[in-house]
1. Only one of (1) within 16 Å of the ligand (Cβ to nearest atom); (2) modelled with pLDDT of 95 or more; (3) exposed (fewer than 14 other Cβ atoms within 10 Å of the Cβ) fails for Tyr245. Which number is that?
2. Against the condition surrounded by 19 or more Cβ atoms within 10 Å (Cβ to Cβ) and modelled with pLDDT of 95 or more, how does Gly395 come out, does it pass?
3. Against the condition of a type outside the set (Val, Ile, Thr), in contact with a strand residue (DSSP E or B) (Cβ under 6 Å, 6 or more places away or on another chain) and not in a loop (DSSP other than H, G, I, E, B), how does Met444 come out, does it pass?
4. Here is a list of conditions, (1) loosely packed, with under 15 Cβ neighbours inside 10 Å; (2) more than 14 Å from the ligand (Cβ to nearest atom); (3) within 23 Å of the chain's Cα centre (by Cα), and Gly167 meets all of them except one; can you say which number that is?
5. I need a count of the residues in region 129-149 that are part of a helix (DSSP H, G or I), within 19 Å of the chain's Cα centre (by Cα) and touching a residue at least 40 places away in the same chain (Cβ under 8 Å).
6. Within region 421-458, how many residues turn out to be among the basic types (Lys, Arg) and surrounded by fewer than 22 Cβ atoms within 10 Å (Cβ to Cβ)?
7. Among (1) more than 15 Å from the ligand (Cβ to nearest atom); (2) modelled with pLDDT of 95 or more; (3) at negative phi, where does Phe158 come up short?
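The values are calculated or read from the model by the stated rules, or taken from the named source; none is laboratory data. Keep in mind the model is a prediction, meaning the values are calculated, not measured. Using ideal geometry, Cβ is built from the backbone for each residue, glycine included, and neighbour counts are taken over all protein chains shown.
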Amino acid sequence: MSVQTSNRLSMENAPVIKTNLPGPKSKQLLEVQEKLETSSRSYTTFFNFAIDYGKGSTIVDMDGNVFIDWFGGVSVMNLGHGHPAVMEALKNQVDKITHITEVPTEARIRYLKTLNSVLPGKMKDHSKVLMTVTGADACEAAVSLARYNSKKPTIIAFSGSYHGIAGGIVGATSNYHYRDYAGFPAQNYVYAPYPYPYRFNPKVAREDISKEVISRIEEMISDPYSGIPPVGGIIVEPIQGEGGYIVPPDDFLPMLRETCDKYSIPLIVDEVQSGIGRTGKLWASEYLGITPDIMCISKSIGGGVPISSIAYRSDFDQIPKAFHLGTYRGNPLGMAAGAAVLDIVKDDVFLERVRSKGRELLKRFREVADNSNIIGDVRGKGYMLGNEIVTSKKGKSPGTELAGKIRENMFRKGVLMHTCGHYGNVMRFMAPLTIEDDLLDRGMSIFEDAIRETEVGL
Ligand SMILES: Cc1ncc(COP(=O)(O)O)c(C=O)c1O
């Protein structure tokens, strides 16, 4: 890969680790945090430092150590930290107004128009948008809307799904621990297996996986003795995020769309993590040409400011006033940033670079895997790439502890790379889409070293 020099957004020299981690100044902040903030934090155990500032795809800690950011605040910073266009939009908006509920502002109208112009398939010009605050809030609103329109209670979600942690929607999030913590049962949710080729029943041929999943779903819907009350919506991630960066077979989403049409069931496509260019298309569902009935949008849309939205077909708009509430829905700063983010990411030259670089990176991750016995599967699209760590390729046992060691090793060498997956054993690449080539090269050799060193230690 060649080194880019012009229009550079990130620090030139990353990574630079010049102190023990955490360094002395980071330690001071961490100590205060430990004293005053909840013990339920988890990211501080993965990345044990305190941050001074971010610049592009680099992060500088309190002690001047410079890290390459392949984490992006959990796939939020698709344009990197402090992108000039986002900063300008934010600064202009700060001078005008920073909070008002629902009443139109120029920022709101610009956001609505820009979002409408880039909606996938038949959604453009045939959709309404409802503002929400977080990814969970968007998914919650989407599910309520599906139920309200279908007048049926049950929502089908998938194994490995993650749609957030809030009162109702936690039922659609597959890890039952979260429901235990929240004290909410998965009321009116049932789960179908997600087509996870690497771990699907080996007796089912790869080309039959989608058919198998769809036939189980159709059974749930159509068999009056399935034990499941009538199905009023299906919520799906086009590429699973927290579940392990799992790419389903290409025929899966079109088949699911057909099933939803056949039974008049709203299809909710959750693009919270896979959207805003992450996969090299603005929306991951565009790879397969399907049109969602309801789409959930969050994370990267606000360029770091918490906003989210759902877009839904206009004929679902027969809903009461105050159908879904929240004081902070549609924050003007988030919407100003949102329009600026979309203006950049919607450009096909920008997206084509993510697609072609993504293919190159996938190839390089696969080359590392070819020389390793602990990377069982490499998958993904664009900059949403997963490396599934196993204790050995043959047995496929999840290498959860190994993945933790790789993350720690990379952190110590100056690269932030996080895990995900059913077993927390998938190393996921979610760098900003604007990351420079030299940071990809250096990050990749650090990843390779971390794999080798972890494997040698076995
Ligand atoms: C696909 C998907 N949906 C919903 C959510 C929930 O978003 P939030 O954490 O903003 O509530 C997430 C968060 O990771 C996600 O990945």
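1. The single condition Tyr245 does not satisfy is (3).
2. no
3. Here the answer is no, as Met444 does not meet what is asked.
4. (2)
5. Kept after step one, since they are part of a helix (DSSP H, G or I), are these residues of region 129-149: 135-149.
Narrowing the set further to residues that are within 19 Å of the chain's Cα centre (by Cα) leaves 135-143.
Next cut, touching a residue at least 40 places away in the same chain (Cβ under 8 Å) only: 135, 137-143.
Count: 8.
6. 2
7. All conditions pass for Phe158, except number (1).
Quick grid of which residues meet (1) closer than 23 Å to Ile214 by Cβ; (2) within 16 Å of the ligand (Cβ to nearest atom):
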{"site": "Glu102", "(1), (2)": "no, no"}
{"site": "Arg108", "(1), (2)": "no, no"}
{"site": "Leu115", "(1), (2)": "no, no"}
{"site": "Leu119", "(1), (2)": "no, no"}
{"site": "Val129", "(1), (2)": "no, no"}
{"site": "Gly135", "(1), (2)": "no, yes"}
{"site": "Glu140", "(1), (2)": "no, yes"}
{"site": "Arg147", "(1), (2)": "yes, no"}
{"site": "Pro153", "(1), (2)": "yes, no"}
